[in-house]
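First the structure, in the form of structure tokens, and then the observations on it.
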Amino acid sequence: MTLSNAQFGNFRLFTLETGTFLLDGGSMFGVVPKTLWSRQLECDERNRVLLTARVMLVHSAATGRVYLIDSGIGHKFDEKFEKIYGLDLSGYTLESSLEYHGFRTSDITDVVFTHLHFDHCGGAVRRGDDGQPELTFPKAPHWVHTAQWDNVLHPNEREISSFLPENIKPLRESGQIQLVDDGHVYEPGFEIVMVEGHTPGQQLPLLSDGNRKLLFAADLLPTTSHLPLPWVMGFDTRPLLTLEDKKRVFSRCIRENILLFLEHDPHHELVTLGDTPQRPSVAWAGTLDDL
């Protein structure tokens, strides 16, 4: 596994691998039978499939800002947690990936969360020297959509286990949470696309170099195995809305040839889509190095 990067207009983009983990295959594919999804992703004896916690660093030449998009699971959890989720940090961690590209945690000026499930925000909180949770990027504003933050503060019973207190409490008490609404623009060439089916207020960063666009797909498209429209995760709070989100976003991606950066796919980092919005497929696959 290598770490890639590319110049993309005013932005330098960097792939950060923050470890791999295992999740229940049935939960990852909802109503899709195991006989079908297991042809796409192999599972272990406990029915768990391998996933990456791949995030992105965006360095803006125009503003000098260094954005971290999501932060992986982190490594502050106990042995029981690591065993349940098969957490493997032997390849890369968030910190070692940053170091590989020549950055330190103190260089991060902004943390942009697609949403606050533990595998997307856990790396933003670490254990301090006193063993207590602290922010990994204490001076950076941490950007969250208003609807997602309200959902975190008043969680439904379906999602509450994904909003871990070890993550949410330090973030809430830090004073570093900044809220955004639909249509937010972080700076020219960096806006957001809103999707709601997986969790309320999931913001997908959309970057432009003036000619091409790149969408950070997060949990709208966790892996290429989830391209078929009905293949919706069991974790999604409103699966029928996810279907509509997928149709709408995939249609735009095909029409505009938008690059999709995949957060959880163990085999694909970057893809474009082909065929039709009803039957999307991978038209091209590569990494940031190929741009």
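Since every read-out is calculated from the coordinates, none of them should be taken as a lab result. The structure displayed is predicted, hence computed values, not measured ones. Backbone-built Cβ (ideal geometry, glycine too); neighbour counts: all protein chains shown.
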Inset, instruction - Output the relative contact order of segment 63-131, whole-number percent, from Cα pairs under 8 angstrom with separation of 6+ residues. - result: 57
Legend entry - Within the chain, helix-based [θ] at 222 nm, where runs of 4 or more DSSP H residues each add -39,500 (n - 2.57), nearest 500: -5500 deg cm²/dmol
Legend entry - Whether segment 5-290 is rounded, prolate or oblate, judged on the alpha carbon gyration tensor where a/c under 1.5 counts as rounded: rounded
Inset, instruction - Taking H placed 1.01 Å from N in the peptide plane, check which residues at least 5 places from A283 or on another chain put their amide H under 5 Å from its amide H. - result: T272, L273, G274
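Taking the Cα centre as origin and putting +1 on Lys and Arg beta-carbons and -1 on Asp and Glu beta-carbons, what dipole magnitude results for the chain, to the nearest 20 debye?
Working: 26 positive and 40 negative charges, 112 e Å.
Around 540 debye, computed over the chain.
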Legend entry - Among T105, P277, Q178 the positive-end extreme of the charge dipole of segment 5-290 (Cβ point charges): P277
Legend entry - Where trypsin sites (Lys or Arg not before Pro) in DSSP loops with at most 15 other Cβ within 10 Å are excluded, longest remaining stretch of the chain: 213-291
Inset, instruction - Rounded, prolate or oblate: pick one for segment 60-161, where a ≥ b ≥ c are the square roots of the eigenvalues of its C-alpha gyration tensor, a/c under 1.5 means rounded, and failing that, prolate if a/b is larger than b/c, else oblate. - result: oblate
Inset, instruction - Name the residues whose placed amide hydrogens come within less than 5 Å of the amide hydrogen of F8, ignoring near sequence neighbours (fewer than 5 apart) on the same chain. - result: L13
Legend entry - Given charges at Cβ of Lys, Arg, Asp, Glu: the chain dipole, positive-most of I73, M28, T93: M28
Inset, instruction - Could you list, in their original order, any pairs among K169/K246; K83/K246; K139/K247; K83/K169; K83/K247; K34/K213 whose Cα atoms are separated by more than 28 Å? - result: K169/K246; K83/K246; K139/K247; K83/K247; K34/K213
Legend entry - For segment 35-64 and segment 214-258, distance of Cα centres in Å: 14
Inset, instruction - Please give the residues of segment 167-184, grouped as numeric ranges, whose backbone N is less than 14 Å from a label point set 7 Å along the Cα-to-Cβ vector of D150. - result: 179-182
Legend entry - Rounded, prolate or oblate (a/c below 1.5 giving rounded, otherwise prolate when a/b exceeds b/c) for segment 49-90 by Cα gyration tensor: prolate
Legend entry - Spatial separation of Cα centroids for segment 97-120 and segment 141-181, in angstrom: 17
Legend entry - Extreme residue, positive dipole direction of the chain, given options P138, I168, T224 (C-beta unit charges): T224
Inset, instruction - Counting other beta carbons within 10 Å of each Cβ, put S71, S38 in order, fewest first. - result: S38, S71
